[in-house]
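Report on the structure given below.
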Amino acid sequence: MTAVIPAGPARHVEDLDAVGRRWRLGVVLFIFADAAFVASLVFTYFYLRGLNTDSGWFPDGAASTPIWIGWTIAAGTVLSAAAYRWGHSGIRAGKEERLVLGAGLAVLVVLVVVVGQLIQLATFPFGVADSSYGSTTYVLGAANMFHLLITLFVGLGIVNRGRLHKFSSTNNWQVQIIGLWWTWVAAAAVLSAFTTSFVASPNLLVGNG
Amino acid sequence: MSEAMVEFAAAPPSTGGGGLLRRLNLLTAVAGGVLFAAIGWYISHRIMQLGDFGSDRVVTITLICWALGFMVGIGAFAGPLRWLLGRDQEHEDEMFLAGKDQGIGRYFRFTTDHKVVGIQYLVVTMVLFAVGGTLAMTIRTNLITPNSGFLGPQTYNAVVGIHGLVMIIATIVMVTGPFGNFIMPIMIGARDMAFPRLNALSLWLLVAAVPILLSAAFLGGIPTGWTGYAPLADQAPPGMDAYTMTIIVFAMSSAIAGVNITTTALTMRARGMTWSRTPIFVYGVVASVGLAIPAFPMFMSAEVLLGMDRSFGAQFYVAAGGGSPWLYTNLFWLMGHPEVYVIVLPAVIALMEITPVFTRKPLFGFNVAVLSIVGIVGLSVMVWAHHMFTTGWAPDLNGSFMLTTELISIPTGLLFLVIIGTIWRGRVWTTLPMMAVYAMLWNFIIGGVTGIYLSDVPADYALHGSMFVTAHFHYTLMGAGLTGAIGALFYWFPKMTGRMINKRAGLVSFWLVQIGFNVTFMGMFAVGLAGQPRRVVHYDHLFAVGNFVSTMGAYCIGVGMLILLYAVVSSWRHGAVAPANPWGAKTLEWAVPNPIPLENFEVLPVVISDPYGYGEGDPVLPPTQRELVPVGAPRDPVAEDDTETSQS
Ligand SMILES: [Cu+2]
């Protein structure tokens, strides 16, 4: 059973807050889906490392990627997320220039991180086919790269749209939801660096598996 | 590629006619896909044919290019690029995208209107069922005698694998696709989905995935069955690359659809539609797609890793290189068991939505139903290893996985009681949708009880990998799932097409399909119990009678499905024109007129009571607004004779 409210405006214009809330939930759900993807890669890493089938996780004489590279990439991503947040707090206070500056800075940092991630992927001291450690480390790096490229795209969009005066202190939900994504990307980079910090398998029995 | 996209994005924004964007449709999408695939094939063929993994790389790159080109050609990238460039859509653009005044052409475009997307999903689902069903007929024909020789062993494996995957995809989308998109937004009093462009995106990603899947037939097939188990998947022909790409594209489509549908149901319900006034079907759809949101990314990662094994020689699933096939089974079934409920829940709950309408009683135990759905969703992510009892992975955990699996039968049983309690002492109006309810109860009991046998570790050691398993999951996915989807189609057909479905043809189809179904899979239970393994082209003479019976039943299903197809197509074209609310139902989708206006509601409704108040008094409403309101619909159904005579 239902009742009806009087007719609204003919063009069915929606309240900005409602649209923003809806998109925020949508982005949170997308992050949830992506987190399931990242979690399964992390699970893959620790599972194969723990299993160490036939001592093939990290065979004798293999080389690992220096741990500091992963952490530097993570630190750069966190830095970019922080710069973006600074820009977002600017537009919330109505300061358009600070949004463009903060988001622009964040995009530049991401660009540097993309280059760093690319160099890491190209110069791993092992091949993707060498061991399950090699395979999993590659795929974690590639997933991070994928995150960064999406972030670059949406970051550029925010900078450009900020430049075109699309945002204000009352209309900045797009800036906010992309901030959510950016924070998640930083968290995922940290998780990835943390994961690849554990190289040697704890399961060293000869002929296990 | 980027050039082409920039060109699309730079197309003049919507000033009346013209504009490249406005000419994009299915044809340009196919052209884009073929063009990109040809370029991808040529370059990869030239550059990468070297090395051990040449053919897998070429196939993978070609298929990725197909999907990209297809999405470029349909115009999927235009929106993000316009956003990047700061060229926001005008109202006129949105109306064009929604398919305003475009006639039949809007069904072949990147159209955002949820009703168009729902119909597109319905047609894609029917095409998938036609393909999968034809393959099923080939399988059963091969099994008509122990050594029929109808299919060779390789072909048989390929046919079984493609049948499995086609049907899994079809059943995943069969309720949430057509009815979740078309009906659900109107049911909650919304003008469209939360993200209309993402809605079109999810549909067209699915369409892009279909040719990828079918290409497997020409690339050596999928010899692993639909589960794609490693290490066999690592050794399989390039058809397996088509398998991984299908899953990757389909997983994207499902995740997008899941986010969209969940957000719609959570944030766009009409004013006054509290959770206790929300129709149960909305719960079913949200439970299904909500489970899919975390499940399909895991499936996707399992297939990304498989693709890396195959194209780059990675060592994820190869024990000799430090990998493990158990990794695949875990990732796969972490998705795979929730996926069973992704399929079954919305179908069963659609029937739960239907039951009160035809018994003229409120849904019995609404809160119990909601709690059961929550219970099933929660438990379904804790049972995955019941598919792995015999693989040797963590035998110590078998007992606990047996327990969680058996626990699921409690909330599932409660769903049965809700439906039976609703029928109990009701004045049942036996229509086609209501008959689907009865059929589902019968089939799902058999599917559920045999599932308890399989969840039992000692019994599973005897039954796993046999035709018993095949019969069991067909009883759940087809006997409950597909029956529910067909019931939903019968029920919502008048709203979706504006016409009544041919009742006589529907009845003939119903009985042929249901009798054929039970004959087919009872026969299969028998031979499975006797020990016939699944997925094997020849079998012992011991199983001859059961298999012959199964094949006869399958032909019966085939004829029944053809009649259903005839009923749908002929009624859609020249069926009797349906009244706005032929069943006298109380949910909001029946309150909108036929044909449904582009934005559904001229005035957004406010809900003041639950949707199952059959037999309660009408609220007092201003007379001018009465015709908009479902309570204004006849207390008793439009006389049954009316619809019957109007069909003949
Ligand atoms: Cu299961």
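Across the stretch A:159-206, the qualifying residues are those that are farther than 24 Å from A:ASP15 by Cα, of a type in the set (Gly, Ala, Ser) and within 16 Å of the chain's Cα centre (by Cα), and the one among them that is most open to solvent (accessible area, probe 1.4 Å) is A:ALA187. Among the numbered conditions (1) surrounded by 22 or more Cβ atoms within 10 Å (Cβ to Cβ); (2) among the hydroxyl-bearing types (Ser, Thr, Tyr); (3) more than 16 Å from the ligand (Cβ to nearest atom), the only one that B:SER276 does not meet is (1). Within the span defined as the stretch B:454-465, every residue fails to be out of contact with any Phe, Trp or Tyr (no Cβ under 9 Å at 6 or more places or on another chain), in contact (Cβ under 8 Å) with a residue 12 or more places away in the chain and hydroxyl-bearing (Ser, Thr, Tyr).
Filtering the stretch B:402-422 down to residues that are touching a Leu at 6+ places or on another chain (Cβ under 8 Å) and open to solvent by 50 Å² or more (accessible area, probe 1.4 Å), which residue is nearest to the ligand (Cβ to nearest atom)? Residue satisfying both the conditions and the ranking: B:LEU407. Looking at the stretch B:293-304 only, could you name the residues that are open to solvent by less than 20 Å² (accessible area, probe 1.4 Å) and either closer than 21 Å to B:ALA585 by Cβ or at the interface with chain A (Cβ under 7 Å from one of its Cβ atoms) (or both)? Hits for the stretch B:293-304 are B:ILE293, B:PRO297, B:SER301. Scanning the stretch B:84-98 for residues that are open to solvent by 50 Å² or more (accessible area, probe 1.4 Å) and within 12 Å of chain A (Cβ to nearest Cβ) gives B:LEU85, B:ARG87, B:ASP88, B:GLU90, B:HIS91, B:GLU92, B:GLU94. For the stretch B:264-271, the criterion of a residue being open to solvent by less than 10 Å² (accessible area, probe 1.4 Å) and more than 9 Å from chain A (Cβ to nearest Cβ) is satisfied by at least one position.
Identify all residues within the stretch B:561-577 that are more than 24 Å from the chain's Cα centre (by Cα) and closer than 16 Å to B:TYR491 by Cα; write none if there are none. Within the stretch B:561-577, B:GLY575, B:ALA576, B:VAL577 meet the criteria.
Only a single criterion out of (1) touching a Lys or Arg at 6+ places or on another chain (Cβ under 9 Å); (2) closer than 30 Å to B:TRP326 by Cβ is not satisfied by A:VAL100, namely (2).
Restricting attention to the stretch A:90-128, the residues that are open to solvent by 40 Å² or more (accessible area, probe 1.4 Å) and not in a helix (DSSP H, G or I) add up to 4. Of all residues in the stretch A:127-151, those satisfying the criterion of being within 11 Å of another protein chain (Cβ to nearest Cβ) and within 11 Å of the chain's Cα centre (by Cα) are A:ALA143, A:PHE146, A:ILE150. Taken over the stretch A:10-55, residues that are assigned to a helix (DSSP H, G or I) and more than 22 Å from A:LYS166 (Cα to Cα) amount to 27.
Could you please find all residues in the stretch A:40-96 being more than 14 Å from every other protein chain (Cβ to nearest Cβ), under 18 Å from A:ASN144 (Cβ atoms), free of Cβ contacts under 8 Å to residues at least 40 places away in the same chain and in contact with a helix residue (DSSP H, G or I) (Cβ under 6 Å, 6 or more places away or on another chain)? Across the stretch A:40-96, the qualifying residue is only A:LEU79.
Sub-6 Å Cβ pairs linking a first residue in the stretch B:381-393 that is over 18 Å from B:ALA287 (Cα atoms) and touching a residue at least 12 places away in the same chain (Cβ under 8 Å) to a second residue that is more than 9 Å from the ligand (Cβ to nearest atom) and assigned to a loop (DSSP other than H, G, I, E, B), at least 6 apart or interchain, are B:THR390/B:HIS464, ordered by first then second residue.
Just one of the numbered conditions (1) more than 16 Å from the ligand (Cβ to nearest atom); (2) open to solvent by 60 Å² or more (accessible area, probe 1.4 Å); (3) within 22 Å of the chain's Cα centre (by Cα) is not true of B:ALA439: (2). Residues of the stretch A:129-158 that are open to solvent by less than 20 Å² (accessible area, probe 1.4 Å) and assigned to a loop (DSSP other than H, G, I, E, B): A:SER131 alone.
Report yes if B:ASP396 is away from chain A (no Cβ under 14 Å), closer than 23 Å to A:ASN203 by Cβ and away from the ligand (no atom under 16 Å from the Cβ), otherwise no.
Values: away from chain A (no Cβ under 14 Å): yes; closer than 23 Å to A:ASN203 by Cβ: yes; away from the ligand (no atom under 16 Å from the Cβ): yes.
For B:ASP396, the condition - away from chain A (no Cβ under 14 Å), closer than 23 Å to A:ASN203 by Cβ and away from the ligand (no atom under 16 Å from the Cβ) - is met.
Scanning the stretch B:350-392 for residues that are more than 16 Å from the ligand (Cβ to nearest atom), open to solvent by 30 Å² or more (accessible area, probe 1.4 Å), assigned to a helix (DSSP H, G or I) and within 24 Å of B:LEU334 (Cβ to Cβ) returns a single hit, B:VAL374. The single condition among (1) modelled with pLDDT of 95 or more; (2) surrounded by fewer than 22 Cβ atoms within 10 Å (Cβ to Cβ) that B:ARG427 does not satisfy is (1).
Taking the conditions exactly as written (within 12 Å of chain A (Cβ to nearest Cβ) and within 20 Å of A:ALA18 (Cβ to Cβ)), does B:GLY290 satisfy them or not?
In short, no.
Does any residue of the stretch B:290-297 turn out to be under 24 Å from B:GLY392 (Cβ atoms) and either away from the ligand (no atom under 16 Å from the Cβ) or in a helix (DSSP H, G or I) (or both)? No, the stretch B:290-297 contains no residue that is under 24 Å from B:GLY392 (Cβ atoms) and either away from the ligand (no atom under 16 Å from the Cβ) or in a helix (DSSP H, G or I) (or both). Scan the stretch B:558-603 residue by residue and report those that are surrounded by fewer than 19 Cβ atoms within 10 Å (Cβ to Cβ) and within 13 Å of chain A (Cβ to nearest Cβ). Of everything in the stretch B:558-603, those that are surrounded by fewer than 19 Cβ atoms within 10 Å (Cβ to Cβ) and within 13 Å of chain A (Cβ to nearest Cβ) turn out to be B:PRO597, B:LEU598, B:GLU599, B:GLU602, B:VAL603.
Every listed requirement among (1) more than 16 Å from the ligand (Cβ to nearest atom); (2) closer than 30 Å to A:ALA129 by Cα; (3) more than 8 Å from every other protein chain (Cβ to nearest Cβ) is met by B:THR329 save one, (1).
In this structure, is B:ALA488 more than 14 Å from chain A (Cβ to nearest Cβ), modelled with pLDDT of 95 or more and away from the ligand (no atom under 14 Å from the Cβ)? Against the criterion (more than 14 Å from chain A (Cβ to nearest Cβ), modelled with pLDDT of 95 or more and away from the ligand (no atom under 14 Å from the Cβ)), B:ALA488 qualifies. Being of a type in the set (Val, Ile, Thr) and at pLDDT below 95 is a property that does not hold for A:THR136.
The values are calculated or read from the model by the stated rules, or taken from the named source; none is laboratory data. Remember, predicted model here, so these are calculated numbers, not experimental data. Cβ: placed from backbone, ideal geometry, glycine included. Neighbour counts: every protein chain shown. Heads up: the accessible areas ignore ligands, DNA and RNA and are worked out on the full protein's heavy atoms, side chains in. Shrake-Rupley method; radii C 1.70, N 1.55, O 1.52, S 1.80 Å.
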